[in-house]
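The values are calculated or read from the model by the stated rules, or taken from the named source; none is laboratory data. Everything quoted here is computed from the prediction, not taken from an experiment. Every residue, glycine among them, receives a Cβ derived from its backbone with ideal geometry; neighbour counts consider all protein chains shown.
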Amino acid sequence: MMPYPEIMIRPMREELTRLGIEETRTPEEVDRAINQPGTVMVVVNSVCGCAAGKARPAVAMALQHSVKPDRVITVFAGADIEATARARSYFTGYQPSSPQIAILKDGQLVYMMERREIESSDAPNIARQLIAAFDRFCASAN
């Protein structure tokens, strides 16, 4: 598989990195981020329209919430081929899709939003679903 040209996807990458989301472009970077204690949200970014009009805007909205994952990382399907494959290796029980949004806690998958759920919704509703997942899986036990 040939990766997308960087010049074409740079604006799509920057839409998430401007939010403070860490790009993980190698399998080792993915492993380091996921295997830290706490929660991490993994955004599998994509060139598709549902990533542009739904997933990325929803992630931006959800990250305004007071409760958030400890870390948020992104891989780019079709560009960061090996990093995306490594991220998906943690998504046991789910087929690869892009976009795709997962939450892992202490390295274990606790939440998944697949492309089919993103395609069939709008950004505000997706953000509400992510916020509910943040409240459920990322809130401290204090």
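A few notes on this one:
- Residues within the stretch 34-57 that are within 16 Å of ALA83 (Cα to Cα) and either of a type in the set (Phe, Trp, Tyr) or surrounded by 19 or more Cβ atoms within 10 Å (Cβ to Cβ) (or both), tallied: 8
Each row is one residue, and each column tells you yes or no for (1) acidic (Asp, Glu); (2) modelled with pLDDT under 95; (3) under 11 Å from the mean Cα position of the chain (by Cα); (4) not in a helix (DSSP H, G or I).
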| position | (1), (2), (3), (4) |
| --- | --- |
| PRO37 | no, no, no, yes |
| MET41 | no, no, yes, yes |
| VAL67 | no, no, no, yes |
| ALA102 | no, no, yes, yes |
| ILE126 | no, no, no, no |
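- Unmet requirement for GLU82, which otherwise passes all of (1) surrounded by 22 or more Cβ atoms within 10 Å (Cβ to Cβ); (2) over 18 Å from THR39 (Cβ atoms): (1)
- Residue ID - surrounded by the most Cβ atoms within 10 Å (Cβ to Cβ), chosen from residues in the stretch 91-142 that are over 14 Å from PRO69 (Cβ atoms) and hydroxyl-bearing (Ser, Thr, Tyr): SER98
- Exactly one residue among ILE21, ILE9, ILE73 is out of contact with any helix residue (DSSP H, G or I) (no Cβ under 9 Å at 6 or more places or on another chain) and surrounded by 17 or more Cβ atoms within 10 Å (Cβ to Cβ), and that residue is ILE9.
- The requirement of being within 15 Å of ALA102 (Cβ to Cβ), of a type in the set (Ser, Thr, Tyr), at pLDDT 95 or above and not in a strand (DSSP E or B) is fulfilled nowhere in the stretch 9-17; no residue meets it.
- The stretch 71-88, residues that are under 27 Å from ALA139 (Cβ atoms) and not charged (D, E, K, R): VAL72, ILE73, THR74, VAL75, ALA87
- Tally, over the stretch 4-51, of residues that are within 21 Å of LEU130 (Cα to Cα) and among the acidic types (Asp, Glu): 4
- Filtered by the rule that a residue be polar (S, T, N, Q) and free of Cβ contacts under 8 Å to residues at least 40 places away in the same chain, the stretch 55-99 gives GLN64, SER66, SER89, THR92, GLN95.
- Meets criteria (assigned to a helix (DSSP H, G or I), modelled with pLDDT of 95 or more, more than 10 Å from the chain's Cα centre (by Cα) and of a type in the set (Val, Ile, Thr)) for VAL59: no
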